[in-house]
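To start, the structure itself, in structure tokens.
The values are calculated or read from the model by the stated rules, or taken from the named source; none is laboratory data. Not measured: the values here are computed from a predicted model. Neighbour counts run over all protein chains shown; Cβ positions are idealised from the backbone, glycine included.
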Amino acid sequence: MFEAKNIKVPVQNPAPVNEAKDKALLEAEKVFREGVVSIRDIIAPAALQIESGYLKLNNLYVRTLFVMTYPRYVTIGWFAPIINESLVLDIAMFFYPMDIPLVLKQLRNKVGTMTAQIMDDNEKGAPRDPIAETALQDIEALRDGLSQGTEKFFQFGLYVTIYAKNMEELELASDRIENLLGTQLIYSRRALFQTEQGFNSTLPLGNDELTITTNMNSSPIASSFPFVSSELTSDQGILYGINRHNNSLILFDRFSLQNANAVVFATSGAGKSYAIKLEVLRSLMMGTDVLIIDPENEYQHLAEAVGGAYISLSLNSDSKLNPFDLPRAVSSDNTPEDILRSAVITLKGLIRLMIGNITNAEDSLLDRALLETYAKKDITASSDLSKIIPPLMSDLEGILLNMEGGEDMALRIKKYTEGTFAGLFNSPTNIKLNNQLIVFSIRDLEDELRPIAMYVVMNYIWNIIRSEMKKRILVVDEAWLMMRYEDSAKFMYALVKRCRKYYLGITTITQDVNDFLTSPYGAAVVTNSSIQLLLKQSPASIGLVQKTFMLTEGEKYLLLESAVGEGIFFAGSKHAAIKVQASYGEHQIITSDPKQLLEIEEAKKEFAEAMSEGQI
């Protein structure tokens, strides 16, 4: 028998063989990679020299600036001048959201401390500290915004990296950026001894290696973005001005919106009439008819320059308007009954404007008297309105005198038929207009008659508009005069609401913002106007303007600090800062500067004298 034995056979260790193979494979891979070109190799600089105040990247000198403090208010687009500089820049913005409950707790503690300090100073009789009180108001406003969810809170880091060809250019560029920021009370520092970290922070990698931030809520942070601005440039329309955000052109067709109405608010001398005259001039070139109610003879020079019709209304003028006129033709959607009813309602508003408030009984009596006045001239709901002779104000007076209870109203109307104001509103209309530009001047009328005249003129224009469908613009300057009286304000509002179906856009201009916006009809006119132009505002009215147009603090201060012809242009849901710009030839036609107007008149006289003497 054989005995089984455990025999051990020596086997060679394979580890050294495997290690050698792996090492050879790594060497081969290393050799292979050395011959492969990656994107990193393409974009990497050939050399990088790091100094305490700058980097030398290839042949370029590089420096990073960071913003450290901001003023109490910053305007919208305050960073745009930096972007618009002809410099090579890299810009990085870092936003770190903060815990709102924690921020509110810290603000509450700060409010308590400041309130206690102010109260302590008051008890000691110390003079009030406006800086502390203002800071307290700002903190309270921020607490309200954070609590209501309309604001968020962030730590905000802003870095700018500058590239230059040599050290001298780098210093000049650095000083330029620092000065541009400093003019807005925004102070920056150079990233000394952190040049590499600053450069890395502005690379498109999203790494913040500087971590230099400022606590800030979302509203001022939003104003830092210069990259997004409303573009109001379209293929059609006219040039309104220059977009101050990005220097693009504001080209717009007001008739492309849901309505073509516009409102213009500005202080005296801010350039509102200049801007509208420029729009009128350019609209005329596009074939649009324009009608203007001019309280101060500001449009006479424009009308003369373009060959328009200029009609001066006064107690001594030959031009007459009959308030009882009806549209010259009746459109298919308006029956004679509708036209007559509308005329009676309009005349009732005019009579109330002329004689003052009337009772309900007198209102009913006046309604019947107006219908009888028209009936006296055979004008009824079944008449052919194209072949009528309208009655006069004296006809209404006679009807009222023969009606029981109408004697008092007839006596109050008499001054417009036989008294001081006779002639202007008691004569047949003798104006026949066939012109692209028509200007009605009411400057020579007494202040008491101006609202009445504006009412009558607008009614006359409304009759023209309803008689023929054409693309038109109606400009009502000093529209606040209409808002002072309820009946004229109602009439104005009715026109603004109804004009769209007649291819009409109404432009209302006013410098008395408070009178206009505090009227419920004035606020409704703004609501029904797709275009709004806000130029320089007075401190007394800026609060109401800000509330009405929902302006930010930056936009508010932009309007307070705007130069002549600068402001904010709203078109539908878009708006942008605007600068009204005219060519030299346009400026000579539309200027309202008395000095320049005198120079133009003197040049005309010299030219006329030279013509008469045969020198030309």
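Screening the candidates SER268, SER283 for the property of being of a type outside the set (Asp, Glu) and assigned to a helix (DSSP H, G or I) yields one hit, SER283.
Residues in region 21-78 that are outside any helix (DSSP H, G or I) and either of a type outside the set (Lys, Arg) or under 45 Å from the mean Cα position of the chain (by Cα) (or both): 38 in all. Among residues of region 108-156 being part of a loop (DSSP other than H, G, I, E, B) and exposed (fewer than 14 other Cβ atoms within 10 Å of the Cβ), the one that is farthest from the chain's Cα centre (by Cα) is LYS124. When region 19-66 is filtered for residues that are modelled with pLDDT of 80 or more, within 21 Å of GLU196 (Cβ to Cβ) and basic (Lys, Arg), the ones remaining, listed by number, are LYS56, ARG63.
Flag: ARG328 matches the condition of being of a type in the set (Lys, Arg) and at pLDDT below 85. The conditions of being modelled with pLDDT of 85 or more and surrounded by fewer than 19 Cβ atoms within 10 Å (Cβ to Cβ) are not met by ASN357. Among the residues of region 518-557, those that are without any contact (Cβ under 8 Å) to a residue 40 or more places away in the chain and hydrophobic (A, V, I, L, M, F, W, C) comprise ALA523, ALA524, ALA540, ILE542, LEU544, PHE549, MET550, LEU551. Given the condition surrounded by 20 or more Cβ atoms within 10 Å (Cβ to Cβ), outside any loop (DSSP other than H, G, I, E, B) and not basic (Lys, Arg), answer yes or no: does some residue in region 420-427 qualify? The answer is no, given that none of the residues of region 420-427 is surrounded by 20 or more Cβ atoms within 10 Å (Cβ to Cβ), outside any loop (DSSP other than H, G, I, E, B) and not basic (Lys, Arg). Select from region 428-458 the residues that are closer than 22 Å to LEU326 by Cβ and not in a loop (DSSP other than H, G, I, E, B) and list them in ascending order. Answer for region 428-458, where residues must be closer than 22 Å to LEU326 by Cβ and not in a loop (DSSP other than H, G, I, E, B): ILE438, PHE440, ILE452, ALA453, MET454, TYR455, VAL456, VAL457, MET458. Of everything listed in (1) surrounded by fewer than 19 Cβ atoms within 10 Å (Cβ to Cβ); (2) assigned to a loop (DSSP other than H, G, I, E, B); (3) in contact (Cβ under 8 Å) with a residue 12 or more places away in the chain, the single unmet condition for ARG176 is (2).
Tallying residues that are more than 30 Å from GLN197 (Cβ to Cβ) and of a type in the set (A, V, I, L, M) within region 124-181 yields 9.
For ILE221, the test of being crowded, with 16+ Cβ neighbours inside 10 Å and not in a loop (DSSP other than H, G, I, E, B) is passed. For region 373-409, taking the residues that are in a helix (DSSP H, G or I) and more than 48 Å from the chain's Cα centre (by Cα), the one that is surrounded by the most Cβ atoms within 10 Å (Cβ to Cβ) is identified as LEU400. Being outside the structural domain of THR346 (by TED's automatic domain parsing), assigned to a loop (DSSP other than H, G, I, E, B) and touching a Ser or Thr at 6+ places or on another chain (Cβ under 9 Å) is a condition met by at least one residue of region 482-495.
Suppose we filter region 179-199 for residues that are in contact (Cβ under 8 Å) with a residue 40 or more places away in the chain, of a type in the set (S, T, N, Q) and farther than 18 Å from ALA92 by Cα; how many remain? The qualifying residues number 1. Only one of the listed residues (ARG352, ARG412) is surrounded by 15 or more Cβ atoms within 10 Å (Cβ to Cβ) and touching an Asp or Glu at 6+ places or on another chain (Cβ under 9 Å). That residue is ARG352. Here MET550 passes the criteria (1) in contact with a helix residue (DSSP H, G or I) (Cβ under 7 Å, 6 or more places away or on another chain); (2) under 21 Å from ASN243 (Cβ atoms); (3) modelled with pLDDT under 85 except the one numbered (1).
Considering (1) more than 19 Å from VAL280 (Cα to Cα); (2) assigned by TED's automatic domain parsing to the domain that holds ALA305, the lone condition that LEU534 does not fulfil carries the number (1). Got at least one residue in region 314-336 being closer than 30 Å to GLY406 by Cβ, part of a helix (DSSP H, G or I) and out of contact with any Cys (no Cβ under 8 Å at 6 or more places or on another chain)? Yes, there is a match, as at least one residue in region 314-336 is closer than 30 Å to GLY406 by Cβ, part of a helix (DSSP H, G or I) and out of contact with any Cys (no Cβ under 8 Å at 6 or more places or on another chain).
Please count how many residues of region 101-135 are more than 25 Å from GLU151 (Cβ to Cβ) and either touching a residue at least 60 places away in the same chain (Cβ under 8 Å) or among the charged types (D, E, K, R) (or both). Qualifying residue count, region 101-135: 6.
Run down GLY614, GLY565 and say which single residue is touching a helix residue (DSSP H, G or I) at 6+ places or on another chain (Cβ under 7 Å) and at positive phi. Testing whether each residue is touching a helix residue (DSSP H, G or I) at 6+ places or on another chain (Cβ under 7 Å) and at positive phi leaves just GLY565.
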